[in-house]
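Worksheet: the structure to be examined is printed underneath.
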Protein chains: 2
Amino acid sequence: MNINALTKLSYGMYVVCTKDEKQYCGCIANSLIQITAEPATIAVSINHNNYTNECIKKTKEFSICVLGENVNPLIIGTFGFRSARNFNKFENIKYEIFEGLPVCTDSCAYLLCKLIDKSETNTHTIFLSQVVQSEITKDDTPMTYAYYHNVIKGKSPKNAPTYIPQ
Amino acid sequence: MNINALTKLSYGMYVVCTKDEKQYCGCIANSLIQITAEPATIAVSINHNNYTNECIKKTKEFSICVLGENVNPLIIGTFGFRSARNFNKFENIKYEIFEGLPVCTDSCAYLLCKLIDKSETNTHTIFLSQVVQSEITKDDTPMTYAYYHNVIKGKSPKNAPTYIPQ
């Protein structure tokens, strides 16, 4: 078995945002797919260790920011490699609020999602959710995970479903 | 709500293959993600109308062929737009058998998967599966769904989760 074959799967780059009692929070996700067309539903896999996972279970709602190839790298650094448990990730990020949920201004599209159901695995939760609002916000090519790795030379944090120990 | 915002999500292009009592079958899928790293698990969404869906429920195993940008378009035409109910899709396609499952020779990687669990929605089944074998088989860039739409000018069949009526 060659575990690197799994790097041939394609993904986008997203920030999944929600909130706790005190502030907004979010994390980078790439394992996200549309499940049904009508109604529009999506599934996203988030590690148990991500604080965002815990918060989505409480709020039952979240936003998805679709990152484009020209996104400010600060967004990936802030949401991908730090924890919101003891840090306000939105402090230095431009964002707007839609239906009570934050959306990074520097996204090329966003979706607002309501939790329908969740499945647990040993490390990740799969959140099945209905898309209740969605807009295209910027003319940019959506960033793929391959682009992030090959062009931006980005790495996967340990919590990613696609993490491969080097 | 702008439903076209959902076209900003990124995917790969895959053939999901399994078999019935008489022959091998398969269909094109794009809604596929890795869920956990250890053990390696994936989730794939397949329409109830796809014969492959019915067969995976019986065999509880399937292969994933990762299509590259230089794949023979015959593969997409055969697996994406015809039904295996009354047609042997593998008749004109080169393939090999691994652990009893067919893999299109013209793929850039493949995964062999055992069904762990499934979730039903009104139109699609999400198959959660463990990857029990995986190999990289060809040096080609994995085809994204965006490449299929923008470069090959391909269309989405009605059974796709990402289908948008024109």
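Taking into account only those residues within segment A:112-138 that are in a loop (DSSP other than H, G, I, E, B) and of a type in the set (S, T, Y), which is modelled with the highest pLDDT?
A:T137
When segment A:82-111 is filtered for residues that are in a loop (DSSP other than H, G, I, E, B), among the hydroxyl-bearing types (S, T, Y) and within 14 Å of A:K138 (Cα to Cα), the ones remaining, listed by number, are A:T105, A:S107.
In this structure, is A:S10 surrounded by fewer than 21 Cβ atoms within 10 Å (Cβ to Cβ), of a type in the set (G, A, S) and either at pLDDT below 95 or closer than 22 Å to B:S45 by Cα (or both)? So A:S10 fails the test. So is A:A43 surrounded by 23 or more Cβ atoms within 10 Å (Cβ to Cβ) and free of Cβ contacts under 8 Å to residues at least 40 places away in the same chain or not? Judged against the criteria, A:A43 is not a match.
Of B:I64, B:I76, B:I33, B:I28, which residue is in a helix (DSSP H, G or I) and closer than 30 Å to A:S156 by Cβ? Criteria check complete, one pass: B:I76. Among the residues of segment B:139-163, the one identified as touching a Cys at 6+ places or on another chain (Cβ under 7 Å) and either exposed (fewer than 15 other Cβ atoms within 10 Å of the Cβ) or not in a loop (DSSP other than H, G, I, E, B) (or both) is B:P142.
Residue-wise test of (1) among the aliphatic types (A, V, I, L, M); (2) touching a helix residue (DSSP H, G or I) at 6+ places or on another chain (Cβ under 8 Å); (3) within 10 Å of chain A (Cβ to nearest Cβ).
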site: B:C27; (1), (2), (3): no, yes, no
site: B:S31; (1), (2), (3): no, no, yes
site: B:A43; (1), (2), (3): yes, no, yes
site: B:G80; (1), (2), (3): no, no, no
site: B:D106; (1), (2), (3): no, yes, no
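Of all the residues that make up segment A:129-166, how many are hydrophobic (A, V, I, L, M, F, W, C) and over 20 Å from B:K8 (Cβ atoms)? Residues flagged as hydrophobic (A, V, I, L, M, F, W, C) and over 20 Å from B:K8 (Cβ atoms) within segment A:129-166 amount to 2.
Considering segment B:113-138, and only residues there that are more than 9 Å from every other protein chain (Cβ to nearest Cβ) and either within 15 Å of the chain's Cα centre (by Cα) or without any contact (Cβ under 8 Å) to a residue 24 or more places away in the chain (or both), the residue that is surrounded by the most Cβ atoms within 10 Å (Cβ to Cβ) turns out to be B:C113.
Taking the listed residues B:Y51, B:Y110, the one that is away from chain A (no Cβ under 14 Å) and surrounded by 16 or more Cβ atoms within 10 Å (Cβ to Cβ) is B:Y51, with no other qualifying.
The values are calculated or read from the model by the stated rules, or taken from the named source; none is laboratory data. Because the structure is predicted, anything quoted here is derived from the model rather than measured. Every residue, glycine as well, gets a Cβ built from its backbone with ideal geometry; the counts of neighbours run over all protein chains shown.
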